[in-house]
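Some notes on the structure that comes next.
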Amino acid sequence: MILRNLIYYFLLYKTCLAVVKDNFRECEQTSFCRRLRNLKPDQSRYILNLNSLQVSENSVEAELLNRNENVRFKLILSALAGNIFRVYADEISPIHARYRVQGVLDGEPQVSKIEILKRDKNEVIVQSGNNKAILKAEPFQIEFFTSENLVAVVNGRGLFNIEHLRRKSNIEVKEGEENKEEQSEDSGAWEENFKSHHDSKPRGPEGVAMDITFPGAMRIYGLPEHADKLALRTTGPGGIDPYRLYNLDVFEYILDSTMALYGAVPVVYAHSATNTVGAFWLNAAETWVDIQNSKDQNVVSSFVNLVSGQTKENKVDVHFMSESGVVDLFILMGPSPKDCVKQYMSLTGVAPLPQYFTLGYHQSRWNYITEDDVTTVVENFDEYDLPLDTMWLDIEYTDGKKYFTWDPIKFAHPDQMLKNISSTGRHLVVIIDPHVKRESGYFLHDDALANDYYVKTKDGNVYEGWCWPGSSSYPDFFDPKVSDYYKSLYSKLRYDNVDNDIMIWNDMNEPSVFNGPEITMPKDCLHYEGWEHRHLHNLYGFAYSAITYKGLLMRNPNKRPFILTRSHFAGSQRYAAVWTGDNDAKWEHLAASYPMCLSEALGGISFCGADVGGFFNNPDIELLQRWYQAGIWLPFFRAHAHIDTGRREPYLFPEDERHRIRNALLMRYAHLPLWYTLFYEHERFGEPVIRPLFYVFPKEVEVIDIENQIVIGDSVMAHVISESGASTANVYLPGGPLTYWYDLNTLKKYNGNGWMSLSVNLDFIPVFYKGGKIISRKDRPRRASTLTHRDPFTLYVALDNNKSAKGTLFIDDNESFEYQKGKYLYIQFEFKNNELKSSLIDATDYETLEWIEKVIILGAPAGVKKAVLNSNSLNFMELEVHYIDDVLIIRRPGVSVREPFTIKLL
């Protein structure tokens with residue numbers, strides 16, 4: 001009864017209230033953060049013994065000494081391919097091994113050659129390509145240069161630290177100040193931790209810290225996931241808390257906050273008018289990050305001064321502080337935002353091309369309660385001419401919240417339900433969370449007990465926590481035998497008589513534990529090989545997503561898996577999409593969706609979205625319409641709602657509102673070829689699919705703090721309307737007077753002259769095509785993307801000031817891995833000298849019936865009387881043209897996209 005009441009009150013709490021900030025710790029309540037943060041600057045205790053220097057073709061290694069405590073460390077500086085340096089440090093003779101992150105890097109990084117330019121007892125100068133690093137002996141420091149310009153300094157403030165244990169008394173001295181709250185949170189405190197779980201030696205304080213200074217930087221970005229500004233704010237004593245990276249189940253989260261959320265990606269990008277430099281701190285333990293920006297005030301004037309060379313005094317300081325682990329730092333030398341992000345992606349990998357349907361519209365709520373409910377929703381989308389690709393099922397579809405099962409009454413015929421959905425061209429996603437219901441007779445629980453699959457307590461017993469099923473235990477996904485077993489479970493969700501496979505939603509995988517410290521697992525729980533949960537907490541959701549991905553591949557090797565995960569870490573993009581979690585039906589949460597997903601994209605995770613309409617509470621109809629209009633310009637596009645909210649499927653609203661939502665949906669579906677091409681190019685070239693303005697226009701003064709505008713690839717720009725009753729929008733058009741922007745709603749041309757007040761109404765938000773780009777669209781309305789695969793394309797040619805434009809288009813079978821074997825088309829369209837030309841970028845082929853139905857030229861040259869098409873099969877065919885203002889429309893070229901062609905304007 002007590003336990004049942006515990007669950008009841010948690011559910012009531014989570015349903016009715018916003019997050020209680022006091023339930024989550026701040027830095028001062030966290031012993032290692034408090035210790036590391038209180039180190040005094042410019043008092044470094046570390047000396048680099050350059051007499052011990054060892055040089056290889058790709059790295060230098062030397063002994064690093066803590067002179068206060070006479071402890072020796074190994075420091076390695078490596079040069080990596082693509083303008084990256086790696087700084088690694090660990091104890092030489094540790095009492096216990098430190099945890100090194102596994103599986104996050106996408107293979108071993110490729111190395112680059114180095115050259116020693118200078119070497120003496122005070123410093124060593126290492127060159128790699130156009131980059132240089134200077135290792136200084138006393139105090140230890142590393143300076144990084146690009147083309148003789150100082151761009152980053154490691155330990156410039158002397159805050160580098162590796163806590164270590166020599167004897168028990170040291171721990172007692174260091175930890176004597178620990179407060180009762182933290183001892184309770186850590187479920188055992190340090191004195192209990194003396195009993196090591198994988199050797200006979202005690203563990204103690206093992207925090208690691210590193211400060212990095214970025215001279216000249218104006219702004220710094222990154223550190224997803226936080227419900228905060230895109231540009232990271234200054235933190236510090238008396239101000240806001242450091243940014244916390246500790247994956248937690250935080251519902252109805254606070255905005256403008258550095259509090260931890262569901263994901264932790266420890267990468268930052270320091271940006272100035274002349275260069276951008278990044279830093280990737282590879283550590284999976286709880287991490288706090290202090291930011292100090294010397295020019296938080298008067299940013300624009302400082303930026304102008306930097307451009308003109310009048311001052312070099314701007315800088316941004318970053319201080320990483322982690323509870324445990326080794327120092328493993330990557331300096332991304334840039335020099336542009338594009339270069340930095342691609343360098344980071346070269347380390348952690350790219351997202352594989354998703355199936356085409358996953359880029360369409362997803363309809364979800366907690367919960368569609370029966371098979372008939374699911375069928376009715378799909379039928380209503382068809383009746384009201386609303387496109388839909390995927391239906392989602394939350395936890396109530398299961399038999400008593402036991403995953404890999406179906407409710408025997410409400411979902412008695414899952415194969416038939418899936419078959420019905422598939423017959424309309426739609427797909428199904430179901431939720432599978434990591435907690436396992438502790439119920440005898442449930443196969444998963446029985447197997448886990450019998451085979452020792454669960455995470456353990458510090459005493460070696462199976463850990464028991466509370467989540468949606470009640471009493472639950474948690475598989476240890478770091479154990480290879482657990483991974484092998486769990487991957488095989490997904491075959492239970494495949495039906496031979498149905499073409500479409502069920503795809504997966506991994507939620508609550510921080511992991512969420514309702515009665516745990518900060519609603520998660522105690523840090524002294526034990527994982528495979530005896531590692532404590534504190535060492536790898538931020539990797540738990542990452543490991544779960546990886547297993548799910550491999551399980552779906554095992555189930556069907558011919559279909560690209562789709563997974564949505566809430567918890568994520570660096571590298572999660574290789575396995576899953578993410579969403580911004582338990583947001584609220586408020587205008588402020590709509591506004592936050594753009595900077596949150598932009599930050600994720602900079603952190604490598606482009607496939608991001610936010611629950612349309614807000615998960616908690618009920619949006620008013622104006623907010624809901626605006627959310628659909630904004631949501632179509634984020635890569636992952638799903639409506640989702642809490643179990644206690646009113647039903648809000650688009651067909652339930654009056655015709656005016658339904659019409660606006662339909663138009664937004666149709667706009668999304670028209671641009672699916674663009675989204676699909678961008679995801680292919682992301683996999684191939686490593687650029688984010690969505691980009692902030694500073695990424696696309698890195699030298700532009702005004703854009704460094706703009707977060708309510710988003711650039712899709714480099715061709716479309718959208719501006720979110722996040723205020724009720726808005727009749728105007730203050731939009732920034734970048735690029736200067738020679739850059740053109742075409743209003744997608746009116747096709748009117750504007751110059752990139754900066755801020756502009758644009759009239760808006762409820763029918764649209766500001767969206768622009770960039771001059772110089774060609775966008776491939778499919779404008780025929782269909783009920784699902786799967787029904788558009790043979791539809792023709794319309795090419796929108798947005799001309800620049802030189803009357804030219806370029807664009808690309810990727811085509812394959814939309815679902816398999818055959819594109820990796822050369823079965824695809826990658827096409828370039830180019831317009832110049834009054835001629836549109838199509839050519840294959842790669843010498844590949846793919847049979848398709850798709851063709852060009854129409855060409856629409858924005859900013860077209862005047863006086864065109866006709867157009868002539870020339871291709872191998874259609875020689876010198878004359879085409880009909882007509883103008884609408886300065887828009888030229890060429891009707892029915894009729895040429896296959898497989899076939900190179902030209903269309904000459906005459």
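Values quoted throughout were computed directly from the atomic coordinates according to the rules given, and no laboratory measurement underlies them. Bear in mind the structure is a predicted one, so any value in this text is a computation, not a measurement. Positions of Cβ are backbone-derived with ideal geometry, glycine not excepted, and every protein chain shown enters the neighbour counts.
A protection proxy built from the mean count of other Cβ atoms within 10 Å ranks the segments 439-448, 74-83, 244-253, most packed first, as 244-253, 74-83, 439-448.
What percentage of all Cα-Cα pairs in the range 740-871 are separated by more than 17 Å? When all Cα pairs of the range 740-871 are counted, 66 percent exceed 17 Å.
Listed values for the range 133-145 are Karplus-derived 3J(HN,Hα) couplings in whole Hz (6.51 cos²θ - 1.76 cosθ + 1.60, θ = phi - 60°), namely 10, 10, 8, 9, 7, 9, x, 4, 6, 10, 10, 10, 10, and x replaces Gly and Pro.
Normalized C-alpha radius of gyration of the range 661-708, against 2.2 N^0.38 Å?
In units of the globular-protein estimate, the range 661-708 measures up at 1.46.
Rg then Dmax, both in Å and based on the Cα atoms of the range 576-700: 15.2, 47.
If you wrap a convex hull around the Cα atoms of the range 540-622, how much volume per residue is inside, in Å³? All intermediate terms of the calculation are to be shown ahead of the outcome.
Numbers: hull volume 8.8 nm³, N = 83.
Hull volume normalised by residue count: 105 Å³.
So how do 140-152, 621-633 stack up, highest first, on mean other-Cβ count within 10 Å? Walk me through the numbers before you get to the answer.
Values: 140-152: 19.2, 621-633: 23.2.
Ranking, from highest mean packing down: 621-633, 140-152.
Sorted largest first, the principal axis extents computed over the alpha-carbon atoms of the range 438-498 equal 47, 26, 18 Å.
Expressed as a whole percent, how much of the Cα-Cα distance distribution for the range 36-157 exceeds 21 Å? Intermediate results must be reported in sequence, preceding the final value.
Values: 3129 of 7381 pairs.
The calculated P(r) of the range 36-157 puts 42 percent of pairs beyond 21 Å.
Just need the Rg to Rh number for the chain, please, alpha carbons only, Kirkwood Rh. Kindly include the intermediate steps, with their values, before the conclusion.
Working: Rg = 28.0 Å, Rh = 28.9 Å.
Computed over Cα atoms, the ratio is 0.97.
Take 318-331, 551-564 and order them by the average number of nearby Cβ atoms within 10 Å per residue, most first; the result is 318-331, 551-564.
Computed across the range 410-533, the Kirkwood hydrodynamic radius from all distinct Cα-Cα pairs reaches 16.0 Å. What pairs in LYS342/LYS904; LYS338/LYS770; LYS74/LYS118; LYS559/LYS770; LYS132/LYS699 have C-alpha atoms more than 26 Å from each other? Those over the limit are LYS342/LYS904; LYS559/LYS770.
The range 403-451 and the range 570-617 have Cα centres lying 26 Å from one another.
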